[in-house]
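The values are calculated or read from the model by the stated rules, or taken from the named source; none is laboratory data. Computed from a predicted structure; not experimentally measured. A quick note on method: Cβ atoms are made from the backbone with ideal geometry, for glycine too, and the neighbour counts reach across all protein chains shown. Accessible surface areas use protein heavy atoms only, side chains included; no ligands, DNA or RNA. Shrake-Rupley method; radii C 1.70, N 1.55, O 1.52, S 1.80 Å.
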Amino acid sequence: IRIYENDTTNKYINELENSGEIIITGKLEYTIESNNCEIINAKEIFIINDSDAESLNNLALILSKFDYFKNRKIKDKTKIYIEIKNRENKALFDKKGIYNKLITDYYEIYLFSINEIIVQEMFKNKPLISNIKNKNGKYEENLKILIVGFNDLSEEILYNILKLGHFDLDKITEVTVIDDNYELLNSKYKTIIKRGKEPYENNNNKSLWKLEFLPYKCLYEERVYNRIILCDKELNNGIDIFNYINNNFNVVLEQNNTIIQIF
């Protein structure tokens, strides 16, 4: 196992270096020229970076090395796994995507997302409808969810909430997202917002969901939610918001059996 890692201060390096089976090298761009055969002959390659841009850059560096080894046997295909965090960027690998046109007989590319795994775990033990009041087989209220902080993980959470809520409920799923860029997000996701209001062409059927992006000041209003998801990747920010909600709305939270999940 060979690991290319840019950050020499990474706390996991010391742990990994104690294993004789693992070799840590420097930045991929600086070492790839001297390790052509090592990369080409790898059975599996995993590309995981802080951003999709870095991952795609590393993928380009790796794929460029296959051009010099046209004599490889097809059975020796290298499996390349690349993490794509942003849902929109996955379209690059669709049938019409630019990366799909680069596929050869020498490697296969597979996408994965840590965010998808996180979301699956989030709703595995605490299903969306687990704390919604149910009487005689019917839910008495809409599902109301608050998401604080919007990023790649939040987008994955939002996507799954709208999908799951649509299939699991006979009520509207109401999602409020708090973020500094709320105006931009309302514009960016206006198609999804409109689809929730007018899901069918004749507009006679009920809405699927209600989605709105609001500024942080709305966080300090007393609103009722079934679930609060604090998604700020700065942990201290999430804890600060949790403390505020707990200290000011603890009675409401208890009455509604609100589920709180913190990144």
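Go through (1) modelled with pLDDT of 80 or more; (2) more than 30 Å from residue 172 (Cα to Cα); (3) among the acidic types (Asp, Glu) for residue 121 and report which single condition fails.
(2)
Anything in segment 71-103 that is surrounded by fewer than 11 Cβ atoms within 10 Å (Cβ to Cβ) and either at pLDDT below 80 or hydrophobic (A, V, I, L, M, F, W, C) (or both)? List them, or say none.
71, 73, 74, 75, 98, 101, listed by residue number.
Any idea how many residues of segment 100-116 are part of a loop (DSSP other than H, G, I, E, B) and touching a residue at least 12 places away in the same chain (Cβ under 8 Å)?
Matching residues across segment 100-116 total 4.
Given the criterion modelled with pLDDT under 80, open to solvent by 70 Å² or more (accessible area, probe 1.4 Å) and in a loop (DSSP other than H, G, I, E, B), identify the matching residue among 68, 30. If you could, list the steps in order and put the result at the bottom.
Values: 30 fails: in a loop (DSSP other than H, G, I, E, B).
Answer to the check: 68.
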